[in-house]
1. Among 267, 22, rank each residue by its count of other Cβ atoms within 10 Å, from fewest to most, as a rough exposure measure.
2. Just for the chain, what percent of DSSP beta bridges are antiparallel, to the closest 5?
3. Could you tell me the calculated FRET efficiency between residue 80 and residue 173, based on Cβ-Cβ distance and R0 = 56 angstrom, to the nearest 0.05?
4. In nm, to one decimal, how far is the residue 664 label point from the residue 486 one, both placed 7 Å along Cα→Cβ?
5. Rg over Rh of segment 7-115, using C-alpha atoms and the Kirkwood radius, what does it come to?
6. What is the helix-to-structure angle for 419-440, meaning the angle in degrees between its Cα long axis and the longest Cα principal axis of the chain, kept from 0 to 90 and rounded to the nearest 10?
7. Can you compute the FRET efficiency between residue 444 and residue 388 using 1/(1 + (r/R0)^6), with r the Cβ-Cβ distance and R0 = 30 Å? Round to the nearest 0.05.
8. Expressed in nm to one decimal, what extension gain is obtained for the pair residue 92 and residue 362 from 0.36 nm per residue of sequence separation less their Cα-Cα distance?
């Protein structure tokens, strides 16, 4: 005996429900059918359903009922039917037999969905997409569209010619593989520009360089980067329109379109000429790097259009301080450069101070609001000590940064003995080097063993990052991580390390039973970065490794500073069996108070308490206290920087579980961990 469709299923359907007899007479007509076709149940019940059909459909409807009676099947099909007001509807139909208690077909149940609006929107979107593609293909400028990650989604014909590759070959690849910012910038800087455009929802006018396969093919272009930001962040992206400098007008190629002053391209050309004259003729010139203070407040409070108006007024103020032969250029955003030919440092210093004083005295008004901005200026002599303009620009930038650090609204003149600027310059050079190492996978993974003192357990090891120095040696992370922290790229380094460690575990899974834990250090920037949390979840899901062998080391300071984010991250990783170690424990001011709020497995005691513990009673008392807390909470303790047998024996007596240091093992390549 057959059963009819349950009433609950029919009610849950979003379509209208119509019942008919086998001769096509309507016997049931629900409210949704009334809404869809415009007829009330009183108007249609007892009437043939074919009355609602076009002449072409009437014959087909009779055949469907005959087929339903014979084949006893469920049919799905589309029909055109007329609304009461005369408009035509496109209907999706599901025709199902109705049975009596003896299994005989007594009628048909018809569930219908109105596809009219859906198809209208679909057709309109297809038409719009065709128009959009046709328009972009006809544009002579190169147009590239990227997604929220900076990966290529679309190229018009001009862009394909520019890159020398079709969209089918480069689609989905990072834009930085093909395009960079102006000469001297790391390749990943284009990613930063795209993120700034999307995050701040503003257009950027930047010079770009094509990364061609041969150096002589490199080409400079002007560009406009425009963000689009739908509610769904995953669908955000940027539209980049590029034009060759030689194809642009003179004003476009040499002038900043917003302020009307020279742009970076012109500045670099004139700066190179000035540097050449310094080398060949001994001439001395001065270069200023100017950055506005508190400008972001205006943009955030009033919008970028108002910020643009402020920039124009600031340019007028600066121009009023300069002679006719001085070159004023906008580098981008609120950064400017000034080239003073045949000028000494005293005269340049007076001009710089005059600029600072005039900008500081200026008040910008908008809708009853008054804003105060100031300027920080870095000054550099252009003489024979500079080999290229890239170094000159970096030092000037560093001098400007020092002026900001010294209190803003001031000038800082670079001198050969300027330690702060040299340090900043060194950090910038490190950043460029680290960017290249990330891009080309130049880092190496080392490991230092962590050994048990009073128990037989599996081998532990801490992953240590190294960078080849080019001469067969390895540079430890301590040399470059401060620069990475300062310029906010530690999270990217952490991504590189965790991905390679997980892949190493996966590749050697059959021969690492003797390894219990591999610890990976995470920076505070990663702990506080929700994007890093999402990356780790995606990485784990896509990497079938033994996650229980992985342990993340987070410093006590980073954990406490980002307590909510740290706990959220720890909880998400623990679901996969990943363990956690609290590094540098004891160095924070609230160690014990926050310990109860962090779900960790190991406490790694700060090395400052370990190095000379055999001769320092205060260190001994501190370590005993930590051991007592750890034992009471079920945590394991690790003492780092263990370098003598005396220290090791003392720690063993205190109940420390593991030691790490040069006494038992010096860092070695990670593959050495494969040896028992």
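1. 22, 267
2. 75 percent
3. 0.80
4. So the label points at residue 664 and residue 486 sit 3.7 nm apart.
5. Rounded to two decimals, Rg over Rh is 0.93.
6. Approximately 40 degrees, to the nearest 10.
7. Working: r = 30 Å, r/R0 = 1.00.
It comes out at approximately 0.50.
8. Full-extension gain reported as 90.4 nm.
Throughout, read-outs are computed from the coordinates displayed, never taken from laboratory work. Since this is a predicted model, take the numbers as computed values, not measurements. Cβ atoms come from the backbone with ideal geometry, glycine included; neighbour counts cover every protein chain shown.
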